[in-house]
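Structure first, then comments.
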Protein chains: 2
Amino acid sequence: MVMLKVVTKILEANDRIALENRRLFDKAGVFVINLMSAPGAGKTSLLEKTLEQRTGLRIGVIEGDIAGTDDAERIERLGAPAVQINTGGACHLDANMIYEVLGDMDLAALDILFIENVGNLVCPAEFKVGEDIKVMLLSITEGHDKPLKYPLMFQESGALVLNKTDLVPYTNVDMAKIRRDALSLNPGLKIFEVSCRTGEGIEEWVSWLREVSKKA
Amino acid sequence: MVMLKVVTKILEANDRIALENRRLFDKAGVFVINLMSAPGAGKTSLLEKTLEQRTGLRIGVIEGDIAGTDDAERIERLGAPAVQINTGGACHLDANMIYEVLGDMDLAALDILFIENVGNLVCPAEFKVGEDIKVMLLSITEGHDKPLKYPLMFQESGALVLNKTDLVPYTNVDMAKIRRDALSLNPGLKIFEVSCRTGEGIEEWVSWLREVSKKA
C-alpha cells in the first residue's frame, strides 16, 4: 500500500510537468508524438524511413535510451534535429526528462516532434510527456499474443504500426488476431502495416502523419 | 534524490526476500533460472522446446506476465507444473511475488525451476528473485544494437540465448557484432544460438542445462 502511494505521487508530479510541456508545444504550434515499442521493434528505422520520404514536414526527434547515442546520430545523419536523452537505469521517459531538454530544440521551427521512448511495452504507457498522441510500434516477429499481454499500451495509443511485415511469410504470426485483439482493447485504434526494410506501407503512414499534424 | 532513496530501499527490501527464497531453493535442492528477455523474444517457446526434448530433468515453471494465463497453459499442456503470476502494472517480477507462490509448488520434486520474467530488457535485471543464474534471451530480429543499449541485462546474465536464428537470412542482423558487444560487457557470458521454430541448437542448450543444474 505504501508503494502504491509513492507511485501515485510520482505520476501526479509527472502529469503536472506534462501539462507544462503541453503548454510549450501548443505555443510553438508543434504536433508531438510519443513513439513507444518493445526493444528492437524498429522505432528509429520508422523515423529514418519517414525522414527519407521528403515529406515537406519539418520533423525533430528526442531520442530516449538507457545508454548510447546511436539513435540520435542515425536521425542527424538524415538532416533532422535530434536530442539524445540517456535515462541511466530508468525504463521509460518521464515529463521532466523532456522538459529539461526542450531548451535545446527550436520547437517553433518544427511541424512534428517525435519523442522516441525507451524500448519497453510496460512503463512508457503510464507516463505522459505532454504529447498530442501516443503511437505504438509492434514488430510482427514479437507474435500475436502481445495485445492481450500488454493491454495498457494498446489502450493508450491512438495508432498502432505493425512493422517487419516482410517477415510474415517466415513466421507463424496470425496478423488477423493482432488486429482483432488490439481493436477489442481500443476500437478507435488506427492500424498501419509497414516494412521499414522494404519501405512497404510507409507512404500511407506518412499521409496520416500529414493529416494529424495539421490539427496542431 | 528522494526518488533515488526510495528506489534503493525497495531494492534492499527485495534482496532480503530474495535471500529467503534462495534458502528455500537450496533446501529443496532445486536449480533456479531467472529467464529474461524483451517481449516476444520466445521465452515460453524456449521452455516448450526444452520440455519436448524429454530431458529426464524434472522442470517446473513460474510464469510472470502483466496479464493473462496463456503462458502457464502452454507449459501445463506439456505436462510440467506451472504457476502464473499476473503483475498487474508491474514491469518485472520481484522476490516477494515469487515468495508468495512458492507454497503452490513442490520444489523438492524439481531439478530445475524456471522463473519466466515479464518481457522487458530493463527492470527485471535489477530485481533478484533468489535465482542461481540469470539467462537472457534475445531474438535476432531485435537487431545487433541491443547489447550496448541495454548493458545491465547482458552484464547480469550468465548465459545468452540468441533465438530465431532461422530468420537471419531475411534480416540485416550482424551476429558477430552481437557476440562481440555482449562479450565486451561480460567476458564470461555463455552464448547459444537456437531457433525455437526449427529446433536448431536446442540440444546444445539442453546439454548445458543438464550440466549447470547438477551443481544444485
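Any read-out appearing in this document is the output of simple, stated calculations on the displayed coordinates, not a laboratory observation. Since this is a predicted model, take the numbers as computed values, not measurements. Because the Cβ atoms are built from the backbone with ideal geometry, glycine has one as well, and the counts that use them run over all protein chains shown.
Take each of the peptides A:75-85, A:146-156, average the number of other beta-carbon atoms within 10 Å over its residues, and list them starting from the highest.
Ranking, from highest mean packing down: A:146-156, A:75-85.
Using a 7 Å offset from the Cα along the Cα-to-Cβ direction at both B:MET175 and B:GLU100, what is the distance between the two label points in nm, to one decimal?
For B:MET175 paired with B:GLU100, the spin-label model returns 4.2 nm.
What aspartates and glutamates could a cross-link reach from B:LYS128, if we take a straight Cα to Cα line under 12 Å and drop same-chain neighbours fewer than 8 places away?
Leaving aside aspartates and glutamates fewer than 8 places away in the same chain, those within reach of B:LYS128 are B:GLU12, B:ASP15, B:GLU20, B:ASP94, B:GLU156.
With θ set to phi - 60°, apply the Karplus curve 6.51 cos²θ - 1.76 cosθ + 1.60 along region A:141-147 and write out the HN-Hα couplings as whole Hz, x wherever there is a Gly or Pro.
Going residue by residue, I get 5, 6, x, 7, 8, 5, x Hz, with x marking Gly and Pro.
Rounded to the nearest 500, what is the 222 nm mean residue ellipticity of the protein assembly as shown from helices alone, with -39500 (n - 2.57) per DSSP H run of 4+ residues and division by all residues?
Rounded to the nearest 500, the figure is -12000 deg cm²/dmol.
Any idea how far apart A:GLN155 and B:SER184 come out in nm if each label point goes 7 Å out from Cα toward Cβ?
4.2
5 Å is the cut-off here: which amide hydrogens, built 1.01 Å from N in the peptide plane, fall below it relative to A:ILE191, excluding neighbours closer than 5 in sequence?
Under 5 Å from the amide H of A:ILE191: A:LEU160.
Given the Cα-Cα distance of A:ARG77 and A:ARG23 and 0.36 nm per residue of separation, how much length would full extension add, in nm?
16.4 nm
Mind giving me the nanometre distance, one decimal, between the label points for B:LEU57 and A:GLU200, set 7 Å out from Cα along Cα→Cβ?
Modelled inter-label distance: 3.9 nm.
One-quarter of the Cα convex hull surface for chain B, in nm²?
Mean shadow area of the hull around the Cα atoms is 12.0 nm².
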